[in-house]
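Colleague: I have a structure I would like to understand better, so I am pasting it below and will then ask my questions one at a time.
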Amino acid sequence: MNKSLLELLEEEKKEIANIRWSRESVADFISYAENKKEGYHEESCYKIASEYEEKAKKSEEKLKEIRKEIKQYLSFLMEL
């Protein structure tokens, strides 16, 4: 095991926060574009929203990997 359980749990918490923040940002920028909010260029809002969506997907993949590591760690502990 390269990381402690605490480190893995902290990484999991960070990725969950990243996903939540990215999804909220996507929703905000889509809302700005759809409502044609003053000071926001519609096309730019959609582009920024897609970039945040990509960040969310990357964080989701990292989260899956972290959870696999947590599962392995717990399995290891159960065998002791």
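The values are calculated or read from the model by the stated rules, or taken from the named source; none is laboratory data. Keep in mind it's a predicted model, so treat the numbers as computed, not measured. Reconstructed Cβ throughout: ideal geometry from the backbone, glycine too, with neighbour counts over all protein chains shown. Note: areas computed on protein heavy atoms with side chains; ligands, DNA, RNA excluded. Shrake-Rupley method; radii C 1.70, N 1.55, O 1.52, S 1.80 Å.
Colleague: Restricted to region 1-14, and to residues that are outside any helix (DSSP H, G or I) and in contact (Cβ under 8 Å) with a residue 60 or more places away in the chain, which residue is farthest from the chain's Cα centre (by Cα)? Reasoning before the result, please.
Modeller: Looking only at region 1-14, we keep the residues that are outside any helix (DSSP H, G or I), and these are 1-4.
With the extra rule that they be in contact (Cβ under 8 Å) with a residue 60 or more places away in the chain, the set shrinks to 1, 3.
On the way: Met1: 24, Lys3: 21 Å.
Here the answer is Met1.
Colleague: If a residue has to be exposed (fewer than 15 other Cβ atoms within 10 Å of the Cβ), without any contact (Cβ under 8 Å) to a residue 24 or more places away in the chain and not small (Gly, Ala, Ser) to count, how many in region 15-37 make the cut? Break it down into steps so the answer makes sense when it comes.
Modeller: First pass over region 15-37, keeping only residues exposed (fewer than 15 other Cβ atoms within 10 Å of the Cβ): 16-17, 20-21, 24, 27, 31, 34-37.
Imposing the further condition that a residue be without any contact (Cβ under 8 Å) to a residue 24 or more places away in the chain reduces the set to 17, 20-21, 24, 27, 31, 34-37.
Within this subset, residues satisfying the condition of being not small (Gly, Ala, Ser) are 20-21, 24, 34-37.
Within region 15-37, residues that are exposed (fewer than 15 other Cβ atoms within 10 Å of the Cβ), without any contact (Cβ under 8 Å) to a residue 24 or more places away in the chain and not small (Gly, Ala, Ser) number 7.
Colleague: Could you please find all residues in region 38-59 being open to solvent by less than 100 Å² (accessible area, probe 1.4 Å), farther than 21 Å from Glu11 by Cα and either in contact with an Asp or Glu (Cβ under 9 Å, 6 or more places away or on another chain) or outside any helix (DSSP H, G or I) (or both)? So that I can check it myself, show each step before the final result.
Modeller: Here is the first cut: in region 38-59, the ones open to solvent by less than 100 Å² (accessible area, probe 1.4 Å) are 39-40, 42, 44-46, 48-54, 56, 59.
With the extra rule that they be farther than 21 Å from Glu11 by Cα, the set shrinks to 39-40, 42, 44-46, 48-51.
Once the filter is applied, which keeps residues that are open to solvent by less than 100 Å² (accessible area, probe 1.4 Å), farther than 21 Å from Glu11 by Cα and either in contact with an Asp or Glu (Cβ under 9 Å, 6 or more places away or on another chain) or outside any helix (DSSP H, G or I) (or both), region 38-59 yields Gly39, Tyr40, Glu42, Cys45, Ala49.
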